[in-house]
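A.B. asks: Below you'll find the structure I mean.
The values are calculated or read from the model by the stated rules, or taken from the named source; none is laboratory data. The shown structure was predicted, so the numbers you read here are calculated from the model rather than taken from an experiment. Please note: Cβ atoms are built from the backbone with ideal geometry, for glycine as well, and neighbour counts cover all protein chains shown.
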Amino acid sequence: MSPAKNVPAPDMGTGPREMGWMTDTYRNLFPDDINYMGVVTGKPVEHGGVRGRNEATGRGVQYALREFFRHQDEVKSAGLEGDLGGKRVVVQGLGNVGYHAAHFLQTEDDCKIIAIIERDGAIVNPDGLDVDHVALHLRETGGVKGYENATFQTDGAGILELDCDILIPAALEGVITHENADNIKARVIAEAANGPITYAADQKLQERGVVIIPDAYCNAGGVIVSYFEWIRNLNHVRFGRIDKRFHEARGQKIITAIEMATDTKIPDWLKESIACGADEFDLVRSGLDDSMRLGMQEIIEKRRSNDKINDYRMAAYVIAIDKIARTYRDIGY
């Protein structure tokens, strides 16, 4: 299933169109700057943007959770088992980030999105909600109230305390505080929003063994792909243009070699997969996946290797500070 069309725009009120306006204004102010396309990111694809940027933050949340669930000892320490399949997920905020995270987790990882919290309240269905249908209903009505096949509750904040495996706060900051932290039942919290957990709540959740995937890492998918877009703008050529046909030709030779060696005809659907050269969308998605995988691996390793680090957030901070310190050491400061 592909993402729904006309899904909600980013909550900050800006999107590709506004980024295009800024780029055009800069171009008119500085017509001699050949790299004017790199002044901002998140632009329309037809105006210097990169395919995959709009979904990147939500996709990054998915990749972060995927990597976490590849480390079964970490999963076990959170009180869970297995992979993402069948995990019960509560999402707060169905804007750009929340929608894409929920959509991909549901359609590609078989998660159950059992509750969605929005401005006017929340809808709950233990058997799982259809994220695309909810997004369209939200677009048409301005809220989640009235959505069929779900129970509506006006106290959306209370649904944060619903029994679930994964909680994804993807809207406002400070929604989990010292007042409701003790009632949070999720075993894993993926901070898709900026600062959704207060300091006091963070301490309480850690004491209870709740795993928090911190915002500094978890919602970094957008800025990672923004970097890819910036690089593309400075290079003045789209990703995949130079080597796409080369890889297609090499894939076709591999197919021919296999068929000649085995005297067996490879099915057409498999041929298309093998001989397909990666385009820009494939490469951007691959780069984001790699960045999120390596980031989670580094965070887990840092926490395990230092007895003074008890959680992912502190591990992420230490990694960041270490990288900054290393740059100063390398140049002699």
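A.B. asks: Does residue 63 satisfy the condition of being in a helix (DSSP H, G or I) and touching a Pro at 6+ places or on another chain (Cβ under 7 Å)?
C.D. replies: no
A.B. asks: If you take the residues in the range 273-287 that are among the small types (Gly, Ala, Ser) and touching a helix residue (DSSP H, G or I) at 6+ places or on another chain (Cβ under 7 Å), which one is farthest from residue 254 (Cα to Cα)?
C.D. replies: My answer is 287.
A.B. asks: Quick check: anything in the range 209-218 assigned to a helix (DSSP H, G or I) and surrounded by fewer than 17 Cβ atoms within 10 Å (Cβ to Cβ)?
C.D. replies: Checked the range 209-218: no residue is assigned to a helix (DSSP H, G or I) and surrounded by fewer than 17 Cβ atoms within 10 Å (Cβ to Cβ).
A.B. asks: Of the conditions (1) surrounded by 11 or more Cβ atoms within 10 Å (Cβ to Cβ); (2) in a helix (DSSP H, G or I); (3) over 29 Å from the mean Cα position of the chain (by Cα), residue 233 clears all except one; give me its number.
C.D. replies: Evaluating residue 233 over (1) surrounded by 11 or more Cβ atoms within 10 Å (Cβ to Cβ); (2) in a helix (DSSP H, G or I); (3) over 29 Å from the mean Cα position of the chain (by Cα) leaves (3) as the failure.
A.B. asks: Please report, ordered by residue number, the strands (runs of 3 or more DSSP E) entirely within the range 94-162 with at least 1 residues that are surrounded by 23 or more Cβ atoms within 10 Å (Cβ to Cβ).
C.D. replies: Result: 112-118, 121-124.
A.B. asks: Can you tell which of 201, 181, 192, 186 is touching a Cys at 6+ places or on another chain (Cβ under 8 Å), more than 30 Å from residue 49 (Cα to Cα) and assigned by TED's automatic domain parsing to the domain that holds residue 115?
C.D. replies: One residue alone meets the criteria, 186.
A.B. asks: Can you tell me which residue among 268, 289 is out of contact with any strand residue (DSSP E or B) (no Cβ under 8 Å at 6 or more places or on another chain), among the acidic types (Asp, Glu) and over 24 Å from residue 59 (Cα atoms)?
C.D. replies: Only one candidate qualifies: 268.
A.B. asks: A further question on this structure: Keeping to the range 267-293, report how many residues are more than 20 Å from residue 55 (Cα to Cα) and either of a type in the set (D, E, K, R) or surrounded by fewer than 17 Cβ atoms within 10 Å (Cβ to Cβ) (or both).
C.D. replies: Qualifying residue count for the region: 10.
A.B. asks: Now for a separate question. Here are 181, 170, 157, 193: which of them is of a type in the set (A, V, I, L, M), touching a residue at least 40 places away in the same chain (Cβ under 8 Å), within 20 Å of residue 311 (Cα to Cα) and in contact with a strand residue (DSSP E or B) (Cβ under 9 Å, 6 or more places away or on another chain)?
C.D. replies: Selected residue: 193, the only one of 181, 170, 157, 193 that is of a type in the set (A, V, I, L, M), touching a residue at least 40 places away in the same chain (Cβ under 8 Å), within 20 Å of residue 311 (Cα to Cα) and in contact with a strand residue (DSSP E or B) (Cβ under 9 Å, 6 or more places away or on another chain).
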